[in-house]
Amino acid sequence: MYPAYSQTILEEPQTSYQNYVQQAKESPHWKQVEFDGFTLPAQGLSKSYCNKWISYGCDNIKQHPRNQHYAEHTLKTCKVSSCPLCFESWIGRQGNRSTKRLSKFLEKRRFNFRHIVLSPPPDQVVNHTYAGLKTWLQTALKVANIQTAMVIFHPFRFQDKKKSMPYVSPHFHLLVYGHVTNTTEFYNKTKWNIKNLGDLKTDKDIFTCTRYLLSHAGVKKGTHTVRYLGDISYRKLKVEKEGLIPHCPYCFLPLKIFSINFDSKHEP
C-alpha cells in the first residue's frame with residue numbers, strides 16, 4: 001500500500017470529542033508537551049470571573065409587558081483556548097463561526113466539504129518551525145490542487161487509545177472543497193501523506209468535525225487556530241458577525257449587567 005491513501009472515518013467524532021475534553025482536564029501529560037510555542041487546549045490559567053454566574057437585565061419597564069424588568073442569567077466565560085474552565089466555550093464559539101462560514105459558502109454549490117489530513121515526512125518535520133511548515137504546506141496544497149479549505153494545525157499525535165499521552169508529530173487537518181489530486185501522484189511529488197476521511201454532508205457534520213478537531217488542536221497566543229483559504233477567506237467571503245452584547249427581546253435595547261440577589265432556593 002502506498003504511504004498516501006484514502007480511508008473512511010476511523011473515530012466517531014462525538015465520542016472522541018468527549019474523550020479529548022476529559023483528557024484535557026485530567027491528563028498531566030497534556031501540560032508537558034510543546035512545539036514552537038504551541039500547546040494543547042486548556043493547559044493555561046483561568047481568570048477570577050471564569051465559570052461564574054452573571055446576570056444581564058433591562059429596566060426600561062415602560063416598554064415591557066406588565067411593566068416588568070427583564071433579566072437573563074448565564075455563566076461568564078473568557079472563551080480562551082488555554083483556559084481550563086472555559087476552553088469548551090471557546091471550542092463551541094469557534095465551531096459555530098466556522099460552520100456558519102462554510103455553510104454560507106455552500107448555499108449555491110453542489111458538492112460538500114471533505115475532511116483531509118496532510119502529514120509532512122516525519123523524519124524531516126522535526127527540523128521545521130511552524131512558519132516553515134506553513135510555507136511547506138502551501139507547496140503541498142498547490143500539488144494537491146487544493147485552493148479552498150479550512151486549515152487547523154495539529155502539532156501532536158497520541159501514543160495511546162485513551163489520548164492521554166501526546167507526542168510531537170505536526171500535521172494539518174483541512175476541510176476541503178473541490179477535487180484533490182490522486183494520492184499516489186501527490187506522495188511521489190511531495191513525500192507528504194494524504195488521508196481522505198470522508199465528506200461532511202450537513203451543517204451538523206461540519207460542526208461536529210470542527211469541534212472534534214479543535215479539542216486537540218495546537219493553540220498559541222497571537223496565532224489563529226483556524227485559517228480560511230481561497231474562496232472562504234475573510235477577503236473573499238463576508239459573513240455577518242454575531243452580536244457581542246445581548247439585547248432586550250421587548251425593547252431591543254442593549255442589556256446591562258445587573259447584580260441580582262438570589263436566595264438559596266432560587267439560584268439560576
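The values are calculated or read from the model by the stated rules, or taken from the named source; none is laboratory data. Quick caveat, the model's predicted, so the values are computed rather than measured. Quick reminder, even Gly has a Cβ in these numbers, built from the backbone with ideal geometry, and neighbours come from all protein chains shown.
Within the range 199-230, no residue satisfies the criterion of being crowded, with 21+ Cβ neighbours inside 10 Å, closer than 16 Å to CYS83 by Cα and either of a type in the set (Phe, Trp, Tyr) or more than 15 Å from the chain's Cα centre (by Cα) (or both). Listed by first and then second residue, the pairs with beta-carbon distance under 7 Å, at least 6 apart or on different chains, first residue in the range 62-73 and under 21 Å from ILE245 (Cβ atoms) and touching a residue at least 24 places away in the same chain (Cβ under 8 Å), second β-branched (Val, Ile, Thr) and assigned to a loop (DSSP other than H, G, I, E, B), are ALA71/ILE260. Criterion applied to THR74, THR8 was being in a strand (DSSP E or B), of a type in the set (Val, Ile, Thr), over 21 Å from PHE156 (Cβ atoms) and at pLDDT below 90, and the one residue passing it is THR74. Considering only the range 177-191, I want to know if a residue exists there that is buried (at least 18 other Cβ atoms within 10 Å of the Cβ), hydrophobic (A, V, I, L, M, F, W, C) and part of a strand (DSSP E or B). No, the range 177-191 has no match at all. Of all the numbered requirements in (1) surrounded by fewer than 18 Cβ atoms within 10 Å (Cβ to Cβ); (2) assigned to a strand (DSSP E or B); (3) not aliphatic (A, V, I, L, M), LYS162 misses one, and that requirement is (2).
Evaluate the following for CYS50: is it modelled with pLDDT of 90 or more, in contact with a strand residue (DSSP E or B) (Cβ under 8 Å, 6 or more places away or on another chain), in a loop (DSSP other than H, G, I, E, B) and farther than 30 Å from ASN193 by Cα? Full working, then the answer.
Details: modelled with pLDDT of 90 or more: yes; in contact with a strand residue (DSSP E or B) (Cβ under 8 Å, 6 or more places away or on another chain): yes; in a loop (DSSP other than H, G, I, E, B): yes; farther than 30 Å from ASN193 by Cα: yes.
In short, yes.
Residue count for the range 143-171, restricted to those that are farther than 18 Å from HIS128 by Cα and either at pLDDT below 95 or more than 17 Å from the chain's Cα centre (by Cα) (or both): 15. Of the residues VAL180, VAL126, the single one that is under 23 Å from ASP231 (Cβ atoms), over 17 Å from the mean Cα position of the chain (by Cα) and of a type outside the set (Gly, Ala, Ser) is VAL180. Can you tell me which residue within the range 78-125, out of those that are assigned to a helix (DSSP H, G or I) and of a type in the set (Ser, Thr, Tyr), is surrounded by the fewest Cβ atoms within 10 Å (Cβ to Cβ)? Looking at the filtered set, the residue picked out is SER103.
Among all positions in the range 83-92, there is at least one residue which is in contact with a helix residue (DSSP H, G or I) (Cβ under 6 Å, 6 or more places away or on another chain), under 29 Å from ASP199 (Cα atoms), assigned by TED's automatic domain parsing to the domain that holds HIS173 and of a type outside the set (Lys, Arg).
Suppose the filter is polar (S, T, N, Q) and modelled with pLDDT under 95; does GLN94 pass it? Even if it seems obvious, please write down each step before you answer.
On the way: polar (S, T, N, Q): yes; modelled with pLDDT under 95: no.
Against the criterion (polar (S, T, N, Q) and modelled with pLDDT under 95), GLN94 does not qualify.
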